[in-house]
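To keep things clear, I will list the structure first and then write my remarks on it.
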Amino acid sequence: EDPDELAVLEEIQQELVLQEQLVIEEYERSLQFDEECLNATLDGLDASDKVICPVCRKNYLTVRNHLVFCQCGLYISTQGMTEEKLRSLLANTVTEHSHRCLHSPEFTVTSGMEEETCLLMSCPV
């Protein structure tokens with residue numbers, strides 16, 4: 001019942017409460033970080049449906065009605081193209097090439113017949 005002992009005990013109690021608050025704050029920051037990571041992962045899964053431009057290999061292609069285009073300048077007129085169909089065509093073509101050659105093919109946009117633009121896959125070898 002010494003006043004000095006009570007003061008020391010109160011000070012210890014305040015320090016413990018402060019430490020508890022710091023631990024709770026750190027835990028909440030950790031939860032927030034985990035939630036942000038989860039959201040970023042989920043956003044990435046949503047983006048996995050997208051097709052990466054084979055020319056610039058940076059941006060996603062946009063496929064609309066009769067057009068396939070990219071921020072890099074790729075612009076191709078198509079008939080009935082969908083992202084799924086385009087992804088499948090690109091994957092099959094690259095896979096077929098890889099069965100015969102170990103080098104990675106390159107893609108460029110070229111003028112085809114009747115001045116229509118075409119996506120051309122070529123191999124540097």
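Given an 8 Å cut-off on Cα distances and at least 6 residues of separation, report the relative contact order of the chain as a percent.
Computed over the chain, the figure is 14 percent.
Got a number for the accessible area of F69? Probe 1.4 Å, square angstrom, nearest 10.
50
Would you calculate, for the chain, the mean residue ellipticity at 222 nm contributed by helices, counting each DSSP H stretch of 4 or more residues as -39,500 (n - 2.57) and dividing by all residues, to the nearest 500?
Working: 2 runs with 63 residues, N = 125.
Only helices count here, giving -18500 deg cm²/dmol.
Provide the packing ranking of 83-96, 16-29, i.e. peptides ordered by the mean count of other C-beta atoms within 10 Å per residue, highest first.
83-96, 16-29
Probe of 1.4 angstrom, ligands and nucleic acids ignored: what's the accessible area per residue over the chain, in square angstrom?
82
Roughly how many Å is it from the Cα centre of segment 85-125 to that of segment 69-83, as a whole number?
That distance is 14 Å.
Would you mind telling me the antiparallel percentage of the DSSP bridges in the chain, rounded to 5?
So the antiparallel bridges in the chain amount to around 100 percent.
Go through segment 51-59 residue by residue and turn each phi into a ³J(HN,Hα) via Karplus (6.51, -1.76, 1.60, θ = phi - 60°); whole Hz please, and just put x for glycine and proline.
For segment 51-59, the Karplus curve yields 10, 6, 4, x, 7, 8, 6, 10, 9 Hz.
Return the single residue from C56, C72, C101 with maximal mean-square fluctuation; model: Gaussian network over the chain, springs between Cα atoms under 10 Å.
C101
Through the Karplus equation 6.51 cos²θ - 1.76 cosθ + 1.60, θ set to phi - 60°, convert the phi angles of segment 64-72 into ³J(HN,Hα) values in whole Hz; use x for Gly and Pro.
9, 5, 10, 9, 10, 8, 9, 4, 6
How large, in percent, is the carbon and sulfur part of the accessible surface of the chain at a probe radius of 1.4 Å? Walk me through the numbers on the way to the answer.
Working: 5500 of 10200 Å².
Solvent-exposed carbon and sulfur of the chain make up 54 percent of the total.
Taking H placed 1.01 Å from N in the peptide plane, check which residues at least 5 places from E106 or on another chain put their amide H under 5 Å from its amide H.
Those lying under 5 Å, H to H, from E106 are S122, C123.
With label points built 7 Å along Cα→Cβ from the Cα atoms of L102 and I24, find their separation and express it in nm.
In this crude label model, L102 to I24 measures out at 6.2 nm.
Figure the gain on full extension for C56 and E36 (residue separation times 0.36 nm, minus the Cα-Cα span) and round it to one decimal in nm.
Going from the current span to full extension adds 4.3 nm.
Around V51, which amide H atoms from residues at least 5 apart in sequence, or from another chain, sit under 5 Å from its own amide H, with H modelled in the peptide plane?
Answer set, sorted by chain and number: L61.
I'd like to know which of H66, S111, L22 lies farthest towards the positive end of the charge dipole of the chain, counting +1 on Cβ of Lys and Arg and -1 on Cβ of Asp and Glu.
S111
How many percent of the alpha carbon pairs in the chain exceed a separation of 19 Å?
Summing the P(r) of the chain above 19 Å gives 67 percent of all pairs.
Charges only on Cβ, +1 for Lys and Arg, -1 for Asp and Glu: so what's the dipole of the chain about the Cα centre, in debye to the nearest 20?
Details: 8 positive and 24 negative charges, 480 e Å.
Charge dipole of the chain: 2300 debye, to the nearest 20.
Using θ = phi - 60° and the Karplus curve 6.51 cos²θ - 1.76 cosθ + 1.60, what whole-Hz ³J(HN,Hα) does each residue of segment 27-34 get, with Gly and Pro shown as x?
In residue order, the calculated couplings are 4, 5, 5, 5, 4, 5, 4, 4 Hz.
The values are calculated or read from the model by the stated rules, or taken from the named source; none is laboratory data. Computed from a prediction, not measured in an experiment: that's the story for all the values here. Every residue, glycine among them, receives a Cβ derived from its backbone with ideal geometry; neighbour counts consider all protein chains shown. Just so you know, the surface numbers come from the protein's heavy atoms only, side chains and all, with ligands and any DNA or RNA stripped out. Shrake-Rupley method; radii C 1.70, N 1.55, O 1.52, S 1.80 Å.
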